[in-house]
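To start, the structure under review is shown below, and the notes come after it.
The values are calculated or read from the model by the stated rules, or taken from the named source; none is laboratory data. Predicted, not measured: the structure shown is a model, and the values here were computed from it. Heads up, the Cβs are rebuilt from the backbone with ideal geometry, glycines too, and the neighbour counts pull from every protein chain shown.
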Amino acid sequence: MASASGKKAATKAKAKSLPQLCRVGRAQTGLGLFAAQDIPERKLIIEYTGPRIPTRLAQEIDRRRANKYLFEIDSRWTIDGSTRTNLARYVNHSCDPNAEAESNRGRLMYRAIKPIEAGEEITLDYGEEHMELYFGKAGCLCPGCADMVKTRKPKKSKTSKKRKR
Ligand SMILES: [Zn+2]
C-alpha cells in the first residue's frame, strides 16, 4: 500500500472512488456528512479510507482515547480514518441511523439502510462502546437521544460497530 501522506493529485485520481453522493456540511454538533442527492436504500455511499494499522495497536490507542477515527475491520486490521481526505469520518453517530458500515475484502464501505433524501444527514450507529469512550455514557446528542436521555434503554447489538470489543 502506498503512503497516504502525499497530497499529489495523481494519488487522488488513482484511488478508486464512488461518485460523489455526499458533501461535508454543518451539523447540529459540528460537521457532518450530508446526501448531495437522493440515495436509494442499499446503495453504497462512501468508503471509509485511511491507512490500515494492526487492530492490536488500535486497541492501545483507543485505551488512551487518542484517536476517535479508528474503525476496526476485523481482529487483525483497523483503518485509521483520521486523514482529512476521508470524508466518511464526518459521518455522525445516530441511534436511529440511515447507514451502516460493512467490510469487504479489507475495505470498509458505508451503505444506505433506508432511502436518504438529498440534504439529509448521513448517520451511522457507532455502537455503545465507542460512544462511552469518546462522549461519556450519556453523551449521545443524536435527535432521538437529545429528548430522552433519562429513559435510555440498553441497545441491541448490531452487525457493524466502531471498536467491537
Ligand atoms: Zn442517540
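Values for this structure:
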| item | result |
| --- | --- |
| Counted residues, the range 51-79 - those being outside any helix (DSSP H, G or I) and either polar (S, T, N, Q) or touching a residue at least 12 places away in the same chain (Cβ under 8 Å) (or both) | 18 |
| Given (1) in contact with a Pro (Cβ under 9 Å, 6 or more places away or on another chain); (2) surrounded by 14 or more Cβ atoms within 10 Å (Cβ to Cβ); (3) modelled with pLDDT of 95 or more, number of the condition residue 4 does not satisfy | (3) |
| Of the criteria (1) exposed (fewer than 15 other Cβ atoms within 10 Å of the Cβ); (2) more than 16 Å from the ligand (Cβ to nearest atom), which one residue 96 fails | (2) |
| Every pair of residues 6+ apart whose Cβ atoms lie under 7 Å, when the first sits in the range 22-50 and is touching a residue at least 40 places away in the same chain (Cβ under 8 Å) and buried (at least 16 other Cβ atoms within 10 Å of the Cβ) while the second is outside any strand (DSSP E or B) and among the basic types (Lys, Arg) | none |
| All positions within the range 86-107 that are touching a Ser or Thr at 6+ places or on another chain (Cβ under 9 Å), at pLDDT below 95 and closer than 17 Å to residue 53 by Cβ | 103, 107 |
| Residue in the range 127-140 that is part of a loop (DSSP other than H, G, I, E, B), within 16 Å of residue 72 (Cβ to Cβ) and either within 16 Å of the ligand (Cβ to nearest atom) or touching a Phe, Trp or Tyr at 6+ places or on another chain (Cβ under 6 Å) (or both) present | yes |
| Test result for residue 79, more than 17 Å from residue 116 (Cα to Cα) and modelled with pLDDT of 95 or more | yes |
| Output for the range 68-93, where each listed residue is within 16 Å of the ligand (Cβ to nearest atom) and either more than 19 Å from residue 128 (Cα to Cα) or in contact with an Asp or Glu (Cβ under 8 Å, 6 or more places away or on another chain) (or both) | 92, 93 |
